[in-house]
Amino acid sequence: MPQWPDSRFIDLVGITNPIIQAPMLGAGAEVMIGVAKAGGLGSLACATLSLDAIRAEIAAFRAESDQPFNVNFFCHASPEYDEACVQQWKSLFKPYYEELGADYDAPTPVSSRAPFDEATCALVEELRPPVVSFHFSLPAPELMARVKASGAIIISSATTVEEAQWLEQHGCDAIVAMGYEAGGHRAMFLSNELTSQIGTFALVPQIVDAVSVPVIAAGGIADARGIVAAFALGASAVQIGTAYLFCPQAKISKPHYRALREASASETALTNLFTGRPARGILNRVMRELGPINPQAPAFPLAGGVLLPLKAKSEPAGSADFINLWAGQAFPLSPGRTAELSSYELTCALLDDYAARTIAQSRL
């Protein structure tokens, strides 16, 4: 295999190949193990997991692999519960409650996305994961110092050059340049302006030029062509997300899996309906009928509670009408869409194709 254009990230983390499996709901220890066996960095999304569930996933990974791994946490501020705002928001969904026979007058469930706090920081100190990554900025300085003292390499995501510079100034060892194409929640934290968000292949070289730490390209990368392009623009690694949801080890719902198989890239949109923060997913009924971005949505993560009873009624019947279908714009390009590949096989296929393309280009 040819020398990687920039080996700083793999040298920093101690992995063989510069592919990071993005932290996503549904991608637990089984997915991470395959990525690690192929020389990449597996990641665990922890924001919706209990402390015991995080312990269990890490234990399962360590039982099968002694390679580095990444644990990811959200760094949002928990909003105060606003009953009037939530009820006004819920009223938009009343016709759906009536249609599905859900109890509209029952208390609205709380949609949980836990921010990084004292308890999760203590867990990091206990378990000492090699890499800790954050979304929506960084934790409070005192918690950040404790994570650093645990020996962890710290990563966070930026959607603008200004965010990347801020992250470097506040102690990040590497930065994910998250383009507009990426699936899941936007990492934006210095601005809420969606209209000025930057695409991956315009963002990566600007961040590379603006910071001194390794840069990881994310968003719109699902095959070897995206990897080649990212490295040509100065990235030190790539983070690939949605492609891993095709792997049999991923634990996603049948409607989500079916949507990934059948939808086209033009059917994704940014939406705040499911949590209150913009996140990219495949369009479904509720996004089309209420509009992907709705100004009445309560603050993250309170918006999602009203959808939980609708999900409980419709998802068991195979409906994707009221569930988030997180996906990046490049998901149809994944080799796993046309062939069932394990997370190990997918990582190897990406690396082999990247190597072949790099060798071929070097001979031109």
Discussion item. Take the conditions without any contact (Cβ under 8 Å) to a residue 12 or more places away in the chain, closer than 19 Å to I153 by Cα and of a type in the set (D, E) and apply them to D66. Does it pass?
Written reply: yes
Item to complete: With the checklist (1) under 21 Å from F134 (Cα atoms); (2) out of contact with any Leu (no Cβ under 6 Å at 6 or more places or on another chain) in hand, flag the one item K37 doesn't pass.
Response: (1)
Item to complete: Filter the stretch 134-149 down to residues that are in a loop (DSSP other than H, G, I, E, B) and either out of contact with any Cys (no Cβ under 9 Å at 6 or more places or on another chain) or not polar (S, T, N, Q) (or both) and give me whichever is nearest to M188 (Cα to Cα).
Response: F136
Worksheet item: Out of all the residues in the stretch 1-58, which are within 20 Å of G220 (Cα to Cα), touching a strand residue (DSSP E or B) at 6+ places or on another chain (Cβ under 7 Å) and assigned to a loop (DSSP other than H, G, I, E, B)?
Response: P18, A22, P23, M24, L25, A27, G40
Discussion item. For the stretch 165-174, check the following and say yes or no: at least one residue is under 17 Å from Q239 (Cβ atoms), in a strand (DSSP E or B) and in contact with a helix residue (DSSP H, G or I) (Cβ under 7 Å, 6 or more places away or on another chain).
Written reply: yes
Practice prompt. Answer with yes or no whether A356 is of a type outside the set (S, T, Y), assigned to a helix (DSSP H, G or I) and touching a Gly at 6+ places or on another chain (Cβ under 8 Å).
Written response: no
Response to the item:
Subset of the stretch 281-308, residues touching a residue at least 60 places away in the same chain (Cβ under 8 Å), within 16 Å of L92 (Cβ to Cβ), in contact with a Leu (Cβ under 9 Å, 6 or more places away or on another chain) and buried (at least 21 other Cβ atoms within 10 Å of the Cβ), comes to V286, A297, A303, G304, V306, L307
Fill in: Tally, over the stretch 79-118, of residues that are among the acidic types (D, E) and assigned to a loop (DSSP other than H, G, I, E, B)
5
Practice prompt. Could you list, in sequence order, all residues of the stretch 24-46 that are touching a helix residue (DSSP H, G or I) at 6+ places or on another chain (Cβ under 7 Å), over 20 Å from I252 (Cβ atoms) and among the aliphatic types (A, V, I, L, M)?
Written response: A38, L41
Worksheet item: Exactly one of (1) of a type outside the set (D, E); (2) more than 18 Å from the chain's Cα centre (by Cα); (3) open to solvent by 40 Å² or more (accessible area, probe 1.4 Å) is unmet by L127. Its number?
Response: (3)
Item to complete: State all residues of the stretch 200-225 that are more than 19 Å from Y244 (Cβ to Cβ) and either assigned to a helix (DSSP H, G or I) or out of contact with any helix residue (DSSP H, G or I) (no Cβ under 8 Å at 6 or more places or on another chain) (or both); if no residue qualifies, say none.
Response: F201, A202, L203, V204, P205, Q206, I207, V208, D209, A210
Worksheet item: If you go through the stretch 169-187, how many residues are surrounded by fewer than 22 Cβ atoms within 10 Å (Cβ to Cβ) and closer than 23 Å to P141 by Cβ?
Response: 4
Worksheet item: Just for the stretch 257-268: of the residues that are out of contact with any strand residue (DSSP E or B) (no Cβ under 7 Å at 6 or more places or on another chain) and in contact (Cβ under 8 Å) with a residue 12 or more places away in the chain, which one is surrounded by the fewest Cβ atoms within 10 Å (Cβ to Cβ)?
Response: S264
Discussion item. Checking the structure you have, find out if any residue of the stretch 70-82 is more than 22 Å from G305 (Cβ to Cβ), of a type in the set (A, V, I, L, M, F, W, C) and out of contact with any Cys (no Cβ under 9 Å at 6 or more places or on another chain).
Written reply: no
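The values are calculated or read from the model by the stated rules, or taken from the named source; none is laboratory data. Just so it is clear, the model here is predicted, and its values are computed rather than measured. Cβ: placed from backbone, ideal geometry, glycine included. Neighbour counts: every protein chain shown. These area figures cover heavy atoms from the full protein model, side chains too; ligands, DNA and RNA do not enter into them. Shrake-Rupley method; radii C 1.70, N 1.55, O 1.52, S 1.80 Å.
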